[in-house]
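The values are calculated or read from the model by the stated rules, or taken from the named source; none is laboratory data. This one's a predicted model, so the numbers in the text were calculated from it and none came from an experiment. As a convention, Cβ positions derive from the backbone with ideal geometry for all residues, glycine included, and neighbour counts pool all protein chains shown.
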Amino acid sequence: MIDVLVVDDDTRVAEINAAYVAKVEGFRVVALAHSAAEALARLAEMRVDLVLLDHYLPDENGLSVVRELRALGHQTDVIMVTAARDVATVQAAMRHGALQYLVKPFNFAGLRAKLEAYATLRRTLDSVGEAEQAEVDRIFGTLSAGTIAPELPKGHSPTTAEVVRQVLLAADGPLSAQQIAELAGVSRQTAQRYLKLLERTSRVRLTLRYGETGRPEHRYVWVPST
């Protein structure tokens, strides 16, 4: 059984997320917390395998909590569950060791996909000692379930693909390649290369925006999983 701590400043949202977790086989919620201090206190008094962590907390932000966890020697895994959509926060979460990042609002299916991918990762890690390259690739690919397929063509980075995905997820509507490039911190050429890949795999939909004159502008929107 995987023990989960749900951290969200909104008590109602925390209860909804906890109810979602309880519906996924193999997971149970052992505590709720509504602030960074409360989260750290819970982690100090009980064993927790996974934290579903909001970024916007009343005393500190979620990334501060992750930094504090690591400084205290806690190896607890973290999935960010937050309305924070800026790419800088997404990148910082990755660098601080968050395993997944789920943008609010989301439905049960969205959270279940993250939890099931995490459970698969734990089973994989528990079943191996030393790993050959193929096994390492499989371990790193596990958490891509429900996001971007791990088998990207040669020359494509899963990290860049994930950043582009997060930019599209955070958008209120279709974005141009130039807008995506600026938000993702990559060149327009790089953005277009990843957008074409995601369009071919049906994860991104291309739309056309017609102006008064000239060629129509290509705009892109993320296609939710069904």
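Per-structure values
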{"quantity": "Number of the condition not met by T213 [criteria: (1) modelled with pLDDT of 85 or more; (2) over 20 Å from V90 (Cα atoms)]", "calculated": "(1)"}
{"quantity": "Set E38, E15, E45: member being surrounded by fewer than 19 Cβ atoms within 10 Å (Cβ to Cβ) and closer than 14 Å to V81 by Cα", "calculated": "E15"}
{"quantity": "Positions within region 14-37 being closer than 18 Å to K104 by Cβ and without any contact (Cβ under 8 Å) to a residue 12 or more places away in the chain, in sequence order", "calculated": "I16, A19"}
